[in-house]
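The values are calculated or read from the model by the stated rules, or taken from the named source; none is laboratory data. What you are looking at is a predicted structure, and each value in this text was computed from that prediction instead of being measured. Ideal geometry is used to build each Cβ from the backbone, glycine not excepted, and the neighbour counts take in all protein chains shown.
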Amino acid sequence: MDPILADVLQVLRLEKLELNLFRGESRDPGHHRVFGGQVLGQALAAAYATVEKRLVHSLHAYFLRAGDPDHPIIYEVDRSRDGTSFTSRRVVAIQHGQQIFHMSASFQVPEAAIDRQGDMPAVPDPDTLQDMAHVIEAFKKQAPDSPQPFLDQQRPFQFRLAALPAPEGELSKEPHMKIWFRAVDRLPDDPVLHRSLLAYASDYYLLGVATLDQSFVNAREDLQMASIDHAMWFHRPARVDEWLLYVLDSPTATSSRGFALGSIYSRDGRLVASTAQEGLVRRRELRPPKAGG
């Protein structure tokens with residue numbers, strides 16, 4: 001297996017310390033704070049470790065403090081309720097004696113019922129598109145003096161943009177993006193693992209789409225960004241080692257908060273998950289002064 005993806009699987013294998021208490025390894029994605037998707041995936045894995053024969057259908061999380069990549073994270077699970085059809089869990093992530101994150105998740109016994117959805121947007125097939133690394137290189141060549149809207153980093157997922165921003169064009173007041181993604185290698189047939197990895201991957205580009213407007217992109221190097229919350233609904237089964245389309249929109253940004261919505265489709269057009277996130281997005285020079293200073 002690809003070593004980067006294998007390392008993510010290792011990160012999602014939590015150590016059980018005690019009943020309802022787990023420990024997860026941390027990684028530094030390059031900016032010396034834990035990637036939000038890692039905490040989401042680990043928290044969901046911790047909740048799953050206390051649930052049997054039920055699949056997560058929704059989660060709602062808050063990021064309270066930046067995670068320290070040099071130390072492990074402790075996850076404490078509260079078994080809120082085990083009902084006939086639904087199970088509720090609350091997970092608190094702790095580092096250095098402080099809460100850095102908490103999440104509520106709901107699980108359901110699979111049921112056969114009405115199944116409907118809207119159509120997936122029409123986009124180019126991923127096999128006809130270039131990998132994100134090639135797109136970034138082409139963007140730099142076409143507009144070397146323009147701010148770069150995407151970062152080139154090694155990741156456990158492949159990304160292929162289905163719609164590209166014009167290198168020198170004016171950006172939208174309602175930013176949007178469509179991007180295909182999948183794991184870089186084949187994964188085991190484990191639905192719990194695939195849902196945990198889908199939660200992990202859902203944090204890529206979600207808040208970033210809120211910065212794809214003219215007021216932010218020209219000051220990208222001076223932006224302060226941090227996720228505040230993250231919500232996710234799992235509608236249908238999906239494999240993250242097969243192409244998935246992430247349709248992202250940011251209908252508003254106000255009071256230094258960017259808001260983004262996401263829909264994740266399988267290649268055959270099934271809506272497999274929906275996401276929502278609000279995050280801090282401000283220019284550093286506009287940061288309010290510290291209390292008492």
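Only one of A66, A61, A93 is surrounded by 13 or more Cβ atoms within 10 Å (Cβ to Cβ), under 18 Å from K16 (Cβ atoms) and among the aliphatic types (A, V, I, L, M); which?
Of the residues listed, the single one that is surrounded by 13 or more Cβ atoms within 10 Å (Cβ to Cβ), under 18 Å from K16 (Cβ atoms) and among the aliphatic types (A, V, I, L, M) is A93.
Are there any pairs with C-beta distances below 7 angstrom linking a residue in region 182-196 that is assigned by TED's automatic domain parsing to the domain that holds L244 to a residue that is basic (K, R), with the two at least 6 apart or on different chains, and if so which?
These pairs meet every condition: H194/R239.
Those residues that are hydrophobic (A, V, I, L, M, F, W, C) and modelled with pLDDT of 95 or more, I need them from region 252-293; list them, please.
Within region 252-293, F259, A260, L261, I264, L271, V272, A273, A276 meet the criteria.
Quick check on my filter: what residues within region 213-247 are farther than 18 Å from V8 by Cβ, at pLDDT 95 or above and among the acidic types (D, E)?
D229
Which one of these is surrounded by 17 or more Cβ atoms within 10 Å (Cβ to Cβ), in a loop (DSSP other than H, G, I, E, B) and modelled with pLDDT of 65 or more: R160, R155?
None of the others qualify; the one that does is R155.
State whether one or more residues within region 35-45 are closer than 28 Å to L271 by Cβ, surrounded by fewer than 16 Cβ atoms within 10 Å (Cβ to Cβ) and either of a type outside the set (A, V, I, L, M) or in the same structural domain as I264 (by TED's automatic domain parsing) (or both).
No: zero hits.
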